[in-house]
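In what follows, a single structure is set out as structure tokens and then discussed.
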Amino acid sequence: MRITIQCAMQAEADAVIGALGLAPERAPWAEHLPARLWAGPVGGTLVHLVTNGRDGRTGADLIGTTPATLAATIAIGSLRPELLLVAGAAGGRSGSTAIGEVLLIDRAFHHDRRIPLPEFAGYAHGPEALDHSPALAGAFGVRTATISTGNGLDTLPHELGFFDQRGITVKDMETASIAWVAAQHRTPVAALRSITDFFDHPTPEHQFLANFDRALGNLAATVAAGLPRLVAG
């Protein structure tokens, strides 16, 4: 099984790279493109890890939907994975998720694509489907949840209403966009998200910073334990 992991932030990637023992690899795509590549054997199969890269102007991690779409397109086109696994941090709903909990995503909505025209409603909001089979959840030892993707760390009041209507308990900045790209390529995609903060908290950015290392440690441990089980089938 050819598996490619995609991470947005370098810190997310570093945690997984360390847990899996991956090494930097020369990417088969143009050097001026921002995505970066690592690889190594895991459970008898070669696993690649791709990051969105860093902004050439500021050095910031390329988080958000646009870089995620580019990196997913590059990764699928160049590496031809049989499974694209999204791995990273996310916000969760208090009372429905726990800080540091790792969740397998079943569906991914787009909450900030506001196109008030009837014919665009289904396209605008989704959802995008992801692999969330019992076998996959069992391999990683996690439960499933529904996510919504947008380009803001904070959450606006009308977005909370959107989440309530659709049973969304996790929020991030990449998953739905990556799942859409994977669907265009007929590539199976799954996503693991580890909760750093509560999006219904008044200052989620403070929680994010305080809990980031813990959440990433749990994410890396889950990926490292689950991939060999997944490969073994």
Scan region 138-149 and tell me whether some residue there is within 15 Å of residue 68 (Cα to Cα), aromatic (Phe, Trp, Tyr) and either surrounded by 13 or more Cβ atoms within 10 Å (Cβ to Cβ) or without any contact (Cβ under 8 Å) to a residue 24 or more places away in the chain (or both). no
For region 194-213, name all the residues that are assigned to a helix (DSSP H, G or I) and either touching a Cys at 6+ places or on another chain (Cβ under 9 Å) or open to solvent by 70 Å² or more (accessible area, probe 1.4 Å) (or both). 205, 206, 209, 210, 213
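Residues of region 4-22 being assigned to a loop (DSSP other than H, G, I, E, B) and either surrounded by 20 or more Cβ atoms within 10 Å (Cβ to Cβ) or touching a residue at least 60 places away in the same chain (Cβ under 8 Å) (or both), which ones? Reasoning before the result, please.
Looking only at region 4-22, we keep the residues that are assigned to a loop (DSSP other than H, G, I, E, B), and these are 8-9, 21-22.
Answer for region 4-22, where residues must be assigned to a loop (DSSP other than H, G, I, E, B) and either surrounded by 20 or more Cβ atoms within 10 Å (Cβ to Cβ) or touching a residue at least 60 places away in the same chain (Cβ under 8 Å) (or both): 8, 9, 22.
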Could you please let me know if residue 97 is in contact (Cβ under 8 Å) with a residue 24 or more places away in the chain, touching an Asp or Glu at 6+ places or on another chain (Cβ under 8 Å) and open to solvent by less than 40 Å² (accessible area, probe 1.4 Å)? no
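Here's the yes/no breakdown for (1) within 24 Å of residue 219 (Cα to Cα); (2) among the hydrophobic types (A, V, I, L, M, F, W, C); (3) assigned to a helix (DSSP H, G or I); (4) out of contact with any helix residue (DSSP H, G or I) (no Cβ under 6 Å at 6 or more places or on another chain):
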{"position": "86", "(1), (2), (3), (4)": "yes, yes, no, no"}
{"position": "103", "(1), (2), (3), (4)": "yes, yes, no, yes"}
{"position": "107", "(1), (2), (3), (4)": "yes, no, no, yes"}
{"position": "122", "(1), (2), (3), (4)": "no, no, yes, yes"}
{"position": "135", "(1), (2), (3), (4)": "yes, yes, yes, yes"}
{"position": "145", "(1), (2), (3), (4)": "yes, yes, no, yes"}
When residues of region 183-213 are filtered for being touching a Phe, Trp or Tyr at 6+ places or on another chain (Cβ under 8 Å) and more than 14 Å from residue 172 (Cα to Cα), how many remain? 1
Restricting region 23-40 to residues that are in contact (Cβ under 8 Å) with a residue 40 or more places away in the chain and open to solvent by 40 Å² or more (accessible area, probe 1.4 Å), the residue that is nearest to residue 72 (Cα to Cα): 33
Could you please give the count of residues in region 161-187 that are part of a loop (DSSP other than H, G, I, E, B) and free of Cβ contacts under 8 Å to residues at least 40 places away in the same chain? 2
Being touching a Pro at 6+ places or on another chain (Cβ under 6 Å) and either open to solvent by less than 10 Å² (accessible area, probe 1.4 Å) or in contact (Cβ under 8 Å) with a residue 60 or more places away in the chain (or both) is the filter here, so list the residues in region 61-90 that pass it. 83
Give me the residue from region 109-120 that is touching a helix residue (DSSP H, G or I) at 6+ places or on another chain (Cβ under 8 Å) and not basic (Lys, Arg) and, out of that set, surrounded by the most Cβ atoms within 10 Å (Cβ to Cβ). 111
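In region 49-60, which residue that is surrounded by 18 or more Cβ atoms within 10 Å (Cβ to Cβ) and touching a Pro at 6+ places or on another chain (Cβ under 7 Å) is farthest from residue 177 (Cα to Cα)? Lay out the reasoning, then the answer.
Start the filter on region 49-60 by keeping residues that are surrounded by 18 or more Cβ atoms within 10 Å (Cβ to Cβ), which leaves 49-53.
Going one step further and asking which of them are touching a Pro at 6+ places or on another chain (Cβ under 7 Å), we end up with 52-53.
Numbers: 52: 13, 53: 16 Å.
Looking at the filtered set, the residue picked out is 53.
The values are calculated or read from the model by the stated rules, or taken from the named source; none is laboratory data. Computed from a prediction, not measured in an experiment: that's the story for all the values here. Neighbour counts run over all protein chains shown; Cβ positions are idealised from the backbone, glycine included. For the accessible areas, the whole protein counts, side chains as well, though only heavy atoms, and no ligand, DNA or RNA atoms are used. Shrake-Rupley method; radii C 1.70, N 1.55, O 1.52, S 1.80 Å.
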